[in-house]
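Let me begin by presenting the structure, written as structure tokens, before commenting on it.
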Amino acid sequence: MIAQNLSQRQQLKILPQQIQLLNIFHLTTLELNQQIQFELEDNPVLEEKDKEDDSTSETDDPSSDVAEWDDLIYEDIPDYKLEYGNYLSAESIPERPIAEELSFREVIKSQLRLEITDDRKFLLGNYLIDSLNDSGLLDMSLDEVADHISLRERMAIDPNELEEILLVIQKLGPAGVGARCIRECYLLQLERMDPDDRFVRIAKQLLLEHYSELINSELEQIRSSMSISEEDLKSTLATLANLQLRPLSNSSNREFMKETIIPDFVLTVEDGEFQVTLCNERSTTIGVNKSWIEKMQSCKEKKDKTGMHYIKKKLEAAEWFVAAIRQRENTMLKIMKAILALQGQFFTTGDRMELKPMILKDIADLVDMDISTVSRITCNKYVSTPFGHVLLKSLFSEGLTDLSGKKVSARVIQEALKQTIENENKRSPYTDYQLVNKLAQSGFKLARRTIAKYREMLKIPTAQVRAVWG
């Protein structure tokens, strides 16, 4: 039986432009500049405004040319001054061109060419070298590498054949390159050290037979199993500590990009008051080319519906994009000022011990926005302060209540924990239970598991390991 039913329901729909706006909120300054450049190339209606030329019309005045010519005629300049002027001054010295450097992969390939003459093996070796990560380690299994080569070169590759070539690569420089794990990286470095060194031999045995106990810090069990003294164990661990965790961490051949932090906000102090500005305000540098409105009117008169529709679509997109950039900048300033209101003491002194508990919801309530909007605005954003660049996300932390009933930022407690461990007796470090009592004396009441959690977050080893290194 056919029937009609009337129902009423509520749905929350997000328009595509709203999603795009949220993505624009998430962009950093560098990413925003790239997005603007893309929009300028894609949308002819959008234009970048030129800076106003403040030059006066004096240069176009013919009388000025006459005056300059008269000055040149009657000015008697010695020849030696004119000759000296031909030389470059310190300010005019051109920048040196950047020398081209080979990447570490190219350096290893050149070394491999001297070790392997067979073209097939050299081809497989190149694939293995290209599969190394930026630290020089091989993250992929040999089976995965073999599958990739087989699909690309259309030939069957045996992982055992790759194993033989990998052993050749691991003998090249720097030491440890081509290792599949940290343990193998250590062993490859030890192979190049003095084989007669007693602690080098003990270190090899420790990595080969007791690696699981080592990563679990079971030092007493290691010492008992290997029948060595505490001093020998300490010297062996010191030998391992001198090794590189990754083969290319400090290598000059490492291919890297120097990261320069471009702040999104600039915080200055004028007459004792904070002033927050955007580092690069782009809403004033882009706009809509008004000449296209006239072109649209011309298409309308000519009844060119296709042209009129195209221009109208591009005009709407350009106007929305400019409005979105302006809304992004207004939102950023609004959120930054709210953060400054809560963390004013920190921005005054630069001391992290002055940080107050602050979560995204606190800022969202102040600016009357959604938490997701605050999260996008503060993600990967930096503020330039008189004491350096500060990542906004690092200012957010949960709060704990101290013995006096005052809420304290978790980062403050972590800093207090770090200072307590730094001031301990290195030969007799504090255990987690002792750290609980020490922080309680400073006014922080914490559980042992909280101490262990913060210690792991700060990458501080246990008291047993600290005692060995002490």
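Observations
- Test: Tyr127 is within 29 Å of Leu102 (Cβ to Cβ) and among the aromatic types (Phe, Trp, Tyr): yes
- Yes/no for Glu184 being out of contact with any Pro (no Cβ under 8 Å at 6 or more places or on another chain), of a type in the set (Asp, Glu) and modelled with pLDDT of 90 or more: yes
- Any pair with Cβ under 7 angstrom, 6 or more apart, that starts in the stretch 22-33 at a residue that is within 15 Å of Glu281 (Cβ to Cβ) and ends at one that is charged (D, E, K, R) and part of a helix (DSSP H, G or I): Ile24/Arg328
- Members of the stretch 362-392 found to be surrounded by 14 or more Cβ atoms within 10 Å (Cβ to Cβ) and not aliphatic (A, V, I, L, M), listed by number: Asp362, Thr373, Ser375, Arg376, Thr378, Cys379, Asn380, Lys381, Tyr382, Ser384, Thr385
- Any hit, the stretch 109-121, residues being under 33 Å from the mean Cα position of the chain (by Cα), of a type in the set (Gly, Ala, Ser) and modelled with pLDDT under 90: no
- Checking each residue of the stretch 431-443 against the condition of being surrounded by 12 or more Cβ atoms within 10 Å (Cβ to Cβ) and of a type in the set (Phe, Trp, Tyr) gives no match.
- The residue pairs whose first member lies in the stretch 4-18 and is modelled with pLDDT of 70 or more, whose second member is not in a loop (DSSP other than H, G, I, E, B), and whose beta carbons are closer than 7 Å, counting only pairs six or more residues apart or on different chains, are Gln17/Trp320.
- Residue ranges of helices (runs of 4 or more DSSP H) in the stretch 413-470 with at least 1 members outside the structural domain of Arg352 (by TED's automatic domain parsing) and at pLDDT 85 or above: 432-441, 448-457
- The lone exception for Gly125 - which of (1) at pLDDT 90 or above; (2) farther than 20 Å from Ser110 by Cβ it fails: (2)
- Test set (1) in contact (Cβ under 8 Å) with a residue 12 or more places away in the chain; (2) farther than 30 Å from Trp292 by Cβ; (3) outside the structural domain of Ala452 (by TED's automatic domain parsing) - Thr349 fails condition number: (1)
- Taking the stretch 257-307 and the strands (runs of 3 or more DSSP E) fully enclosed by it, the elements with 1 or more residues that are small (Gly, Ala, Ser) and surrounded by 15 or more Cβ atoms within 10 Å (Cβ to Cβ) are at 286-288.
- Hey, Leu237 touching a Lys or Arg at 6+ places or on another chain (Cβ under 8 Å), in a helix (DSSP H, G or I) and over 22 Å from Asp134 (Cα atoms) or not: no
- Residues of the stretch 114-163 that turn out to be part of a helix (DSSP H, G or I) and in contact with a helix residue (DSSP H, G or I) (Cβ under 8 Å, 6 or more places away or on another chain), as a count: 22
- For the stretch 144-160, a residue qualifies if it is within 32 Å of the chain's Cα centre (by Cα) and of a type outside the set (A, V, I, L, M), and the qualifying residues are Glu144, His148.
- Qualifying residue in the stretch 174-182 (condition: under 28 Å from the mean Cα position of the chain (by Cα) and assigned to a helix (DSSP H, G or I)): yes
The values are calculated or read from the model by the stated rules, or taken from the named source; none is laboratory data. This structure is a prediction, so every number in the text was calculated from the model and none was measured. Positions of Cβ are generated from backbone atoms using ideal geometry, with glycine treated the same way; all protein chains shown enter the neighbour counts.
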